[in-house]
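Each remark here refers to the structure printed beneath this line.
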Amino acid sequence: MTIQTALARSNACSPIARAMARKATGRAANDNGIVGHAGTDDQLLHAALRHFGEHGLRAADEARKLAEAAFFSGDRQSYNWWLGICSTLDRRLASRTMRKLTHI
């Protein structure tokens, strides 16, 4: 009687696994557009990181509050700065804030 041995087969290399596998996406998209803020990108990034270090996960909301306060006091430069920091931390929140304030 002969004994036949089959080579071990990996499930990852099976034809079904290859057919069902998703194709890798081409290139990653860069969504770091500029919302319109004062200062250079590096200055803003460093300020946003410092702000995040002080306030943690609520940093974007704190930046939004400061941007709103600056807007209502008429300080356009501070408004742009804090909105830029808010945008760096949470782009959606900054966009909602900008839309809300421009409709006032």
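The values are calculated or read from the model by the stated rules, or taken from the named source; none is laboratory data. What you see is a predicted model, and the numbers here were worked out from it, not measured in a lab. Don't worry about glycine lacking a Cβ; one is built from the backbone with ideal geometry, like all the others, and counts go over all protein chains shown. These area figures cover heavy atoms from the full protein model, side chains too; ligands, DNA and RNA do not enter into them. Shrake-Rupley method; radii C 1.70, N 1.55, O 1.52, S 1.80 Å.
Considering (1) touching a residue at least 12 places away in the same chain (Cβ under 8 Å); (2) open to solvent by 40 Å² or more (accessible area, probe 1.4 Å), the lone condition that ALA48 does not fulfil carries the number (2).
Going by what's in this entry, would LEU93 be described as at pLDDT 95 or above and open to solvent by 60 Å² or more (accessible area, probe 1.4 Å)? Considered against the rule, which asks whether it is at pLDDT 95 or above and open to solvent by 60 Å² or more (accessible area, probe 1.4 Å), LEU93 comes out as no. Tell me which helices (runs of 4 or more DSSP H) are completely within the stretch 1-77 and hold 3 or more residues being modelled with pLDDT of 65 or more and not hydrophobic (A, V, I, L, M, F, W, C), or say none if there are none. Helices (runs of 4 or more DSSP H) meeting the threshold: 41-55, 59-73.
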